[in-house]
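K.L.:
The structure follows.
The values are calculated or read from the model by the stated rules, or taken from the named source; none is laboratory data. All values reported here derive from a predicted model rather than from experimental measurement. Cβ placement follows ideal geometry from the backbone for every residue including glycine, while neighbour counts extend to all protein chains displayed. Quick note on the areas: whole protein, heavy atoms, side chains included, nothing else; ligands and nucleic acids left out. Shrake-Rupley method; radii C 1.70, N 1.55, O 1.52, S 1.80 Å.
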Amino acid sequence: MATLTLAFKGKTLQIYPLQDGVLTIGREPGCDIHIDSLAVEPQHARLMVQGEKFVLTQTKHDNTTLINHKPIEEAQLQNNDMIRIGKHVLMFRLDDSVVEQNKSDSNIAKPSAPEQAPSVPSVNEDQVESNTPNHGWLQVMNGKMLGKTFKLRSGLTDLGKLGMLPALIALRRSGYFISNLADSNNLSVSNKAIGDKSHPLHDGDLIKLGKVTLQFHLQA
């Protein structure tokens, strides 16, 4: 089953299981996913759920809805997408069995084309992902927790729940990404402030979150 997890400044507010149908998202109390914020329109967006297809649509063109920090009017959701509406975040998660089924479907052999000169075989994104290290962990490099390590065990890690300032690390198809959930510009990767954008993480990257310095590692 797919879910949407509603969070504000790193704090999880509610988890919504998704079933077939159309769900409304907005400030109105009658919305299926209610976000109590003046930065959100009364009926801000709607989500159509049909089997394994999840399509998010804005109700008005002048609404602001971001997926992975990119503005959208309509988009099909992918596993671990981060939706930002106002200052609230909705994390979209697919059940592991659905993810594996999608991978299997994408790797089904297609009819071969007429015989041509030999060429280099193409590799799709899911095949690349299967060969990419996907177990990340963090090591604290200073302060009271110096030397402590945290394994990133799921597709979404809330650093605020680890005793740090609010930030999210999400595992997507192309790797790990970190996003700032705080209002202030207190997050940098390799000495570069990332602002309110999602930033990819690479093995050995130094993350500075407020006064805490972390090093990101990938486990082969």
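K.L.:
Does region 137-146 include one or more residues that are open to solvent by 30 Å² or more (accessible area, probe 1.4 Å), in a loop (DSSP other than H, G, I, E, B), at pLDDT below 90 and small (G, A, S)?
P.N.:
Checking region 137-146: at least one residue is open to solvent by 30 Å² or more (accessible area, probe 1.4 Å), in a loop (DSSP other than H, G, I, E, B), at pLDDT below 90 and small (G, A, S).
K.L.:
Only residues that are under 19 Å from I178 (Cα atoms) and outside any strand (DSSP E or B): list them for region 58-74, please.
P.N.:
N68, H69
K.L.:
Still on this structure, I have one more. Tally the residues that are part of a strand (DSSP E or B) and either in contact (Cβ under 8 Å) with a residue 40 or more places away in the chain or open to solvent by 10 Å² or more (accessible area, probe 1.4 Å) (or both), restricting the search to region 161-173.
P.N.:
Within region 161-173, the subset part of a strand (DSSP E or B) is 167-172.
Then keep just the ones that are either in contact (Cβ under 8 Å) with a residue 40 or more places away in the chain or open to solvent by 10 Å² or more (accessible area, probe 1.4 Å) (or both); that gives 167-168, 170-172.
The qualifying residues number 5.
K.L.:
Could you please let me know if I15 is of a type in the set (V, I, T), surrounded by 12 or more Cβ atoms within 10 Å (Cβ to Cβ) and under 21 Å from L156 (Cα atoms)?
P.N.:
Answer is yes for this residue.
K.L.:
Among the listed residues G10, G26, which satisfies the condition of being open to solvent by less than 50 Å² (accessible area, probe 1.4 Å) and modelled with pLDDT under 90?
P.N.:
From the options G10, G26, the qualifying one is G10.
K.L.:
In addition: Within region 37-48, work out how many residues are touching a strand residue (DSSP E or B) at 6+ places or on another chain (Cβ under 9 Å) and open to solvent by 30 Å² or more (accessible area, probe 1.4 Å).
P.N.:
The initial filter retains those residues of region 37-48 that are touching a strand residue (DSSP E or B) at 6+ places or on another chain (Cβ under 9 Å), namely 37, 39-48.
After this cut, where a residue has to be open to solvent by 30 Å² or more (accessible area, probe 1.4 Å) as well, the list is 39, 41-43, 46, 48.
Qualifying residue count, region 37-48: 6.
K.L.:
Further question on the same structure: The conditions are (1) surrounded by 12 or more Cβ atoms within 10 Å (Cβ to Cβ); (2) over 18 Å from T157 (Cα atoms), and G51 fails exactly one of them. Which is it?
P.N.:
Single failed check for G51: (1).
K.L.:
Just the residues that are in a loop (DSSP other than H, G, I, E, B) and of a type in the set (K, R), please, taken from region 1-39. Walk me through how you get there before you give the answer.
P.N.:
To start, the set of residues in region 1-39 that are in a loop (DSSP other than H, G, I, E, B) comprises 1, 9-10, 19-20, 27-32, 35-39.
Of everything in region 1-39, those that are in a loop (DSSP other than H, G, I, E, B) and of a type in the set (K, R) turn out to be K9, R27.
K.L.:
While we're on this one: Among the candidates D203, D158, which residue alone is at pLDDT 85 or above, surrounded by 13 or more Cβ atoms within 10 Å (Cβ to Cβ) and acidic (D, E)?
P.N.:
Details: D158 fails: at pLDDT 85 or above.
Answer to the selection: D203.
K.L.:
Another question, then. Does region 77-90 include one or more residues that are modelled with pLDDT of 90 or more, in a loop (DSSP other than H, G, I, E, B) and open to solvent by 20 Å² or more (accessible area, probe 1.4 Å)?
P.N.:
Yes.
K.L.:
Residues to consider are P111, P42; find the one that is modelled with pLDDT under 85, part of a loop (DSSP other than H, G, I, E, B) and not small (G, A, S).
P.N.:
The conditions single out P111.
K.L.:
Can you name every residue in region 174-200 that is open to solvent by 30 Å² or more (accessible area, probe 1.4 Å), closer than 22 Å to I83 by Cβ and assigned to a strand (DSSP E or B)?
P.N.:
Within region 174-200, F177, H199, P200 meet the criteria.
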